[in-house]
Structure formats: C-alpha cells, structure tokens
Amino acid sequence: MANTRTAISENRFGVELDGIPAFKATKVSGGDEKHSPVMTQVGNDPYSLIGRGKVEPEDVVITIPSGLYDNSIRAIDNWVTRYFDGVDTSPKSGRLITYDETGRTPVETYEIRDAVPLSLKPDDKSGEGTGTATVTLTIKPYKMRRI
C-alpha cells in the first residue's frame with residue numbers, strides 16, 4: 001500500500017491530456033520555447049538584419065509514479081503505441097498544473113497544445129532506496145503557454 005502522505009507531497013504536478021485519465025507527476029521538466037531568428041546580410045554592411053524566424057518547443061519530460069496511476073499509464077501506453085504504429089496519429093492537448101508544497105492548491109497552470117509522444121519508458125529498477133517505481137513520458141507540444 002502506498003504511503004499517501006508522501007505521495008501527496010511528492011506529486012506536485014497534475015497532468016490532463018485528452019482521452020487519458022488525469023494523473024499527478026513527481027517531476028516535470030522542459031516546455032521552454034527557443035527562437036532562432038532569421039539573419040539577412042545586405043550588401044557590404046557588416047551587421048545582419050534580424051527578423052522573426054523559427055520557434056521550436058522543447059520536449060516535456062513527465063515522471064509518473066507507476067503504482068498510483070495504473071489506468072492513466074495504460075491509456076498513455078495505448079496512445080503511444082497507436083501513435084507509433086500509425087493507427088491514430090492525432091496529437092493531444094491538455095493542461096499541466098503545478099501545486100503548492102501540500103500538493104492540494106494549484107499555483108500555476110500551463111496549456112499544452114497538440115502534443116505528440118516521443119517516448120514512454122519505465123525507469124531503471126535497482127531495489128534500493130525508498131522511492132516509488134516510475135514511468136517517464138516524453139512529449140513534444142506544438143505550443144505550451146501559461147494560462
């Protein structure tokens with residue numbers, strides 16, 4: 001049986017994706033956007049003109065405790081498998097919610113738009129320590145904005 005007091009304080013991120021039961025995560029990283037401007041050289045001018053170029057979102061890595069959210073993990077596994085096999089290539093949208101240190105009060109919310117799966121892997125198991133077994137989902141969103 002999971003220690004719910006520890007589980008609440010450690011699972012500080014809520015994740016909701018279309019068609020997948022909502023779950024909490026122990027760790028979320030990524031989601032930044034990087035802009036690569038267009039640079040144009042004009043004549044003999046030693047300086048380039050700089051304009052709006054390409055914006056690329058960073059991968060979002062979500063660590064999920066596997067014992068607490070089995071239904072969500074099964075639905076994620078089904079989505080990833082169907083996406084990789086080409087059966088259903090629709091992206092998913094949703095929200096990422098950051099909670100306070102108690103794990104109960106939302107502090108900030110991000111909108112995830114049109115995310116596609118990149119990988120789903122069980123984390124290494126060593127049999128040492130007191131941490132829970134986890135699964136790591138990596139997605140690439142089209143856009144991720146604070147709302």
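The values are calculated or read from the model by the stated rules, or taken from the named source; none is laboratory data. Because the structure is a prediction, the values reported are computed rather than measured. We place every Cβ from the backbone using ideal geometry, glycine too, and count neighbours over all the protein chains shown.
Residues that are surrounded by 11 or more Cβ atoms within 10 Å (Cβ to Cβ) and not aliphatic (A, V, I, L, M) were ranked within segment 35-48; the one that is nearest to residue 135 (Cα to Cα) is 37.
Quick check, is residue 100 modelled with pLDDT under 90 and farther than 22 Å from residue 146 by Cα? Criteria not met by residue 100. Scanning segment 49-94 for residues that are loosely packed, with under 13 Cβ neighbours inside 10 Å and assigned to a strand (DSSP E or B) yields 49, 50, 51, 52, 53, 54, 55, 56. Scoring residue 122 on the criteria (1) under 17 Å from residue 15 (Cβ atoms); (2) modelled with pLDDT under 95; (3) within 17 Å of the chain's Cα centre (by Cα) leaves a single failure, condition (1). Restricting attention to segment 68-112 and to residues that are among the hydroxyl-bearing types (Ser, Thr, Tyr) and in contact (Cβ under 8 Å) with a residue 60 or more places away in the chain, the residue that is nearest to residue 141 (Cα to Cα) turns out to be 93.
Filtering 65, 21 for residues that are under 18 Å from residue 119 (Cα atoms) and either in contact with a Ser or Thr (Cβ under 7 Å, 6 or more places away or on another chain) or in contact (Cβ under 8 Å) with a residue 60 or more places away in the chain (or both) leaves a single hit, 65. Restricting 136, 132 to residues that are modelled with pLDDT under 90 and either in a strand (DSSP E or B) or surrounded by 14 or more Cβ atoms within 10 Å (Cβ to Cβ) (or both) narrows the list to 132.
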